[in-house]
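Following: one structure in structure tokens, then a few remarks.
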Amino acid sequence: MPAQPPAFAARAHTVGGSPVREILALTERPGVISFAGGLPAPELFDAEGLRAAYAEALSHSASRALQYSTTEGAPELREIVAARVTARGLETTADDLLITTGSQQALTLVATTLLDPGDTVLVENPTYLAALQCFGHAGARVVAVPCDENGIIPQALEEAVRTERPKLLYCVPTFQNPTGRTLPAARRAAVAEIAERLGIWLIEDDPYGELRYEGGSVPWLAAHPGAQDRTALLGSFSKTMAPGLRLGWLRAPAALRRAAGIAKQAADLHTSTVDQIAAARYLDRTDLDAHLHKIRGAYRERRDALLSGLGEALPTGSTWNRPEGGMFIWARLPQGLDSQDLLKSAVAQDVAYVPGAPFFTGTPDHATLRLSFTTHTPQEISEGLRRLARAVRG
Ligand code: PMP
């Protein structure tokens, strides 16, 4: 009899797959109008512009584009990202940045760098599922900070830092996934002040910040004086160009960035050279802000279509928010109703959303649900809402 190889590491069992992926699989039947996914609208990808940029990268810079390159990332892409970050109010040079394979990798690298098994991480409640998976893999103890409709409550954060002794706070302050909410400026200042005074790291994950449809922008946490030496700011081209590129970046204080760079060497040596060079060529030739203007226009219309019909579709007594940007609306069914139960009737009517429970740490709120408005036209959204209304009526 052959001897069995040893068991998997404990983390392979303790960190489950994303329940949202399982729900998405259910909703991928043709004909389903899905508010479940969190995907950018594919018809808004600038495929032609990217095709030309890849052709150029492969014809003019093939020997570089197809070669191994540095872990930090292509200098021209880092320059462009640095200029964009600076223009958004945070002085940044190419040297402050590490290009990553999506911002998801930046999260993993920072977690690997900062966390020992058993360390405590504070998160918003609810929060982004793949961040919970990432902290699970790092062996961290995840504790939720009490939040209200505006996000983290600073007094609750202070108390949690004092009692839980965390190493870091992970948050998505702008157009959060899953709730769409944005942490107001005064609370950001308070979070930065608490982080400085009580001594914790901050991870500011910002994949949605450039998808603002109304209202004025709110400064990054990383831009506050107390937070500057302790914030890992994560950015992404997934929502502004295309997620398939897998291009993101980490802006962090030098020591953290260097250590994350070493973690990246162990993970993948560097992010795809051809993708970085093509993206840099694309950004050099294209007015990304004009492209963003188009995306924002379409998403604003889709958000408004969803908001305008939600009252008719959801059970009487439901509540929901009105995010000024991003991809998601967060709703709550009346007391006693479970969004997982309603999903069964919804899927039978060929419409879907994601129940909110999996996004919570600790006790979940089963009445909540996340609706994404980006991948359907306003007409399809109206039809989806009519189907949802039928599901509600049973
Ligand atoms: N953070 C949050 C909050 C997200 O919602 C996502 C993906 N939707 C990511 C990070 C990962 O994005 P990327 O494609 O840049 O890896």
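The values are calculated or read from the model by the stated rules, or taken from the named source; none is laboratory data. On a predicted model such as this, the values are computed, not experimentally measured, just so you know. Methodologically, a virtual Cβ is constructed for each residue, glycine included, from the backbone with ideal geometry; neighbour enumeration extends over all protein chains shown. All accessible areas refer to the heavy atoms of the entire protein, side chains included, with ligands and DNA or RNA removed. Shrake-Rupley method; radii C 1.70, N 1.55, O 1.52, S 1.80 Å.
List of remarks:
- Look at segment 39-54: where a residue is farther than 21 Å from residue 208 by Cα and a partner is in a loop (DSSP other than H, G, I, E, B), sitting 6+ places away or on another chain with Cβ atoms under 6 Å, you get 49/286.
- Of all the listed residues (25, 41, 10), the sole one being out of contact with any Pro (no Cβ under 6 Å at 6 or more places or on another chain) and open to solvent by less than 30 Å² (accessible area, probe 1.4 Å) is 41.
- Residue match in segment 329-342 (condition: in the same structural domain as residue 381 (by TED's automatic domain parsing), of a type outside the set (Lys, Arg), touching a Gly at 6+ places or on another chain (Cβ under 6 Å) and under 29 Å from residue 203 (Cα atoms)): yes
- Verdict on residue 123 being open to solvent by less than 20 Å² (accessible area, probe 1.4 Å), more than 20 Å from residue 258 (Cα to Cα) and touching a strand residue (DSSP E or B) at 6+ places or on another chain (Cβ under 6 Å): yes
- Flag for residue 333 being more than 30 Å from residue 88 (Cβ to Cβ), open to solvent by less than 20 Å² (accessible area, probe 1.4 Å) and touching a strand residue (DSSP E or B) at 6+ places or on another chain (Cβ under 6 Å): no
- Among (1) under 14 Å from residue 75 (Cα atoms); (2) within 16 Å of the ligand (Cβ to nearest atom) - the single one residue 252 does not satisfy: (1)
- Scanning segment 51-62 for residues that are surrounded by fewer than 20 Cβ atoms within 10 Å (Cβ to Cβ) and in a helix (DSSP H, G or I) gives 51, 52, 54, 55, 56, 58, 59, 60, 62.
- Hey, residue 375 of a type in the set (Ser, Thr, Tyr) and either open to solvent by 50 Å² or more (accessible area, probe 1.4 Å) or at positive phi (or both) or not: no
- Remark: pairs (first residue in segment 243-272, modelled with pLDDT of 95 or more; second residue assigned to a strand (DSSP E or B) and more than 16 Å from the ligand (Cβ to nearest atom); Cβ separation under 9 Å; 6+ apart in sequence or on different chains) = 256/201.
- Sole exception among (1) free of Cβ contacts under 8 Å to residues at least 24 places away in the same chain; (2) under 30 Å from residue 282 (Cα atoms); (3) open to solvent by less than 40 Å² (accessible area, probe 1.4 Å) for residue 110, by number: (1)
- The sole residue among 348, 305, 313, 298 that is modelled with pLDDT under 95 and in the same structural domain as residue 40 (by TED's automatic domain parsing) is 348.
- Residues that are within 15 Å of the ligand (Cβ to nearest atom) and touching a Gly at 6+ places or on another chain (Cβ under 8 Å), drawn from segment 210-247: 211, 220, 234, 235, 236, 237, 238, 243, 246, 247
- Residue in segment 312-334 that is assigned to a helix (DSSP H, G or I) and over 21 Å from the mean Cα position of the chain (by Cα) present: yes
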